[in-house]
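Please read the structure below before turning to the comments.
The values are calculated or read from the model by the stated rules, or taken from the named source; none is laboratory data. Just so it is clear, the structure is predicted and the values come from calculations on it, not from any experiment. Here Cβ is always computed from backbone atoms with ideal geometry, including for glycine, and neighbour counts include all displayed protein chains. Note: areas computed on protein heavy atoms with side chains; ligands, DNA, RNA excluded. Shrake-Rupley method; radii C 1.70, N 1.55, O 1.52, S 1.80 Å.
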Amino acid sequence: MIRTATALGKDLIGLASLSPEQIRVILDTAEPFKEITERRVKKVPVLRGKTIVNLFFEASTRTRISFEFAEKRLSADTVNVGSVGSSVSKGETLVDTARNLEAMSIDMVVMRHWSAGAASFLAARIPSNVINAGDGAHEHPTQGLLDILTLRDHFGRLKGLKICIVGDVLHSRVARSNIHGLVKLGAKVGVCGPRTLLPAGIEQLGVRVFGRVEEAVEWADALNVLRLQLERMQDGFVPSLREYNRVFGVTRERLALAGRELLILHPGPMNRGVEIDSDVADGPHSVILQQVTNGVAVRMAVLYLLAGGAPHLAEAARDWTGS
């Protein structure tokens, strides 16, 4: 089965390869799908008859469940496959797994994988649409999109906004997708963290580097706080979690230095008391739960667009009952 090009192309691998206009199309398409979540019957038949495989080789809660909700709200048939309990645990290759799924006439694959480039590798070898749900430390495009949508919802604009990404940027695919998307849409992006957790040459992506959280707070309109990805750390990147919180933790006391209210985002899962204190995460200017809500709408938009849905017909698709 040959997939034709859509508004996004065949696949969504990352935001680095998208144009500013393509990113805006996804954000604008997500807007009408938000309303579906608020209905009594949270379903439209837009993807009825489509089969989507969620292929997750890494642990996930928010992303996997958010994609499942998005797929089911669009009436797609879904199949969930993990590395544990599948033939991958017996040594089957990624391509063989995908080709066997293809033989069952699937339409899309949503994949999370520990290896950077895995989604691109798969997309080049199967005709089904592939959506990258996170590949190693490369990109996590739908998380970047939902973060950007949340910022746009709050401020009404992106151009000229100052967003600082604070924390473990080195290991974060979320940070990379945020940077690519925000810079393309005219926002000003900063990063802040220990030098051991900032990629060498990150300034070349068009970002400003801050060595202290206090400086970042004085500059930014919003902070996107990242957790320490201890599962990806082989060496001592920080002396201790307590020391990290003391120097780089986002606390109410540090935020007070801004003299104004900053928007607080976090892609989750949170290490409370490490990168962010609970009174900040649960505070009045936190939009962490709004990010989760927007995640379903963004993923619905991506699925709809890759399936060939027209951006200008998204509102009609939202209201379509299938009758």
Original post:
What ranking, highest mean first, results for peptides 206-217, 159-170 when packing means the other Cβ atoms within 10 Å averaged over each residue?
Top reply: 159-170, 206-217
**OP:** Calculate what fraction, in whole %, of the accessible area of the chain sits on carbon and sulfur atoms when a 1.4 Å probe is rolled over the protein chains.
**Re:** 52
Original post:
How big is region 244-313 by Rg and Dmax over its Cα atoms, in Å?
Top reply: 16.7, 50
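How large is the direction-averaged shadow of the alpha-carbon convex hull of region 103-163, in nm²? Before the final figure, lay out the partial values.
On the way: hull surface 22.6 nm².
The orientation-averaged projected area of the Cα hull of region 103-163 comes to 5.7 nm².
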**OP:** State the extension gain, in nm to one decimal, for the chain segment bounded by Lys162 and Ser75, taking 0.36 nm per residue of separation less the distance between their alpha-carbons.
**Re:** 27.5 nm
Subject >> Solvent exposure of region 179-323 as accessible area per residue, Å², 1.4 Å probe >> reply: 46
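Using only helices, what value at 222 nm comes out for the chain when you add -39,500 (n - 2.57) per DSSP H run of length 4 or more and divide by the total residues, to the nearest 500 deg cm²/dmol? Before the final figure, lay out the partial values.
Numbers: 12 runs with 121 residues, N = 323.
The helix contribution divided over the chain gives -11000 deg cm²/dmol.
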Subject >> Among beta bridges that DSSP assigns inside region 41-143, antiparallel share in %, nearest 5 >> reply: 5
Original post:
In whole Å and largest first, what semi-axes does the C-alpha gyration tensor of region 19-140 yield when each eigenvalue is scaled by 5 and square-rooted?
Top reply: 25, 17, 14
Subject >> Max mean-square fluctuation residue, GNM over the chain, Cα-Cα springs under 10 Å, options Leu47, Leu74, Leu313 >> reply: Leu313
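Excluding Leu313 itself, calculate the net charge of residues whose Cβ lies under 14 Å from the Cβ of Leu313, where each Lys or Arg counts +1 and each Asp or Glu counts -1.
On the way: positive: Arg318; negative: Asp28, Glu31, Glu315, Asp319.
Charge balance in the 14 Å sphere: -3.
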Original post:
D for the chain, whole µm²/s, Stokes-Einstein with Kirkwood Rh over alpha-carbon pairs at 20 °C and 1.002 mPa s: what number?
Top reply: 106
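At 15 angstrom or more along the helix axis (alpha-carbon based) and mean Kyte-Doolittle of 0.5 or higher, what helices does the chain contain? Whole DSSP H runs only.
Numbers: long enough: 20-37 (27 Å, -0.24); 62-73 (16 Å, -1.17); 141-155 (21 Å, 0.06); 173-184 (17 Å, -0.19); 288-306 (27 Å, 1.29).
Helices meeting the criterion: 288-306.
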Original post:
For the chain, what proportion of DSSP beta bridges, expressed in % and rounded to the nearest 5, is antiparallel?
Top reply: 5
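So for region 188-323, what are the equivalent ellipsoid semi-axes in whole Å, largest first, each being the square root of 5 times an eigenvalue of the Cα gyration tensor? The partial results should precede the final answer.
Values: eigenvalues 236, 66, 50 Å².
Semi-axes (√(5λ), whole Å): 34, 18, 16.
Where does region 143-232 land on the Kirkwood hydrodynamic radius, alpha-carbon pairs, in angstrom?
On the way: mean 1/r = 0.0774 Å⁻¹.
When all Cα pairs of region 143-232 are included, the Kirkwood radius is 12.9 Å.
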Original post:
Would you list Glu243, Glu261 from the most to the least accessible area, probe 1.4 Å?
Top reply: Glu261, Glu243
